[in-house]
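Okay, so here's the structure we're looking at.
The values are calculated or read from the model by the stated rules, or taken from the named source; none is laboratory data. As the structure is a computational prediction, the values presented were derived from the model and not from experiment. Here the Cβ is made from the backbone with ideal geometry for all residues, glycine too, and neighbour counts use every protein chain on show. Ligands, DNA and RNA are stripped out before the accessible areas are found, and what is left, the full protein with its side chains, is counted by its heavy atoms. Shrake-Rupley method; radii C 1.70, N 1.55, O 1.52, S 1.80 Å.
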Amino acid sequence: GTTQQAGDFFMSVNTTPNPPEVGSNAEVVATIKTGDQPSTNCKVSFQQHMPGMEMSGDETVYNMVQEGGSGVYKARGGEFSMGGDWVLEFTLACDGTTQRVKFPYSLKWPE
């Protein structure tokens with residue numbers, strides 16, 4: 001997975017399948033830490049879109065659910081309708097601060 005910093009938080013994201021596949025949706029797993037401690041006090045959601053392409057699903061917000069007090073948040077997104085460059089844009093609302101973090105993905109058209 002890829003890790004990015006958002007304010008005081010470090011966020012890593014994995015998808016299953018990885019990379020996501022055209023024509024299906026992916027399970028998205030985000031692990032959020034502050035230093036080396038899990039960040040358990042966050043509301044996490046994401047949107048998925050293709051830069052430069054207007055699509056009906058662009059406004060859909062997928063709310064992620066934390067597994068216990070693990071700092072691991074999961075959700076299943078919408079269908080990736082075509083190959084090309086996609087962005088998963090996460091909103092992290094933790095302890096009164098809100099960060100936005102973008103993770104780019106490049107999807108290949110099926111053979």
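Structural remarks
- Matching residues in the range 26-37 - criterion: being under 16 Å from Phe90 (Cβ atoms) and of a type outside the set (Val, Ile, Thr): Ala26, Glu27, Ala30, Lys33
- When residues of the range 32-51 are limited to those that are over 16 Å from Gln4 (Cβ atoms) and not in a strand (DSSP E or B), the one most open to solvent (accessible area, probe 1.4 Å): Asp36
- Members of the range 6-18 that are open to solvent by 50 Å² or more (accessible area, probe 1.4 Å) and in contact with a strand residue (DSSP E or B) (Cβ under 8 Å, 6 or more places away or on another chain): Asp8, Phe10, Asn14, Thr16
- Search result, residues across the range 86-111 that are charged (D, E, K, R), touching a residue at least 12 places away in the same chain (Cβ under 8 Å) and open to solvent by 100 Å² or more (accessible area, probe 1.4 Å): Asp95, Arg100, Lys102, Lys108
- Failed condition for Tyr62, given (1) surrounded by fewer than 15 Cβ atoms within 10 Å (Cβ to Cβ); (2) closer than 21 Å to Asn18 by Cα: (1)
- Tally, over the range 16-30, of residues that are free of Cβ contacts under 8 Å to residues at least 40 places away in the same chain and assigned to a strand (DSSP E or B): 1
- The residues listed here are Glu21, Glu54; of these, the one that is acidic (Asp, Glu), surrounded by 15 or more Cβ atoms within 10 Å (Cβ to Cβ) and closer than 21 Å to Trp109 by Cβ is Glu21.
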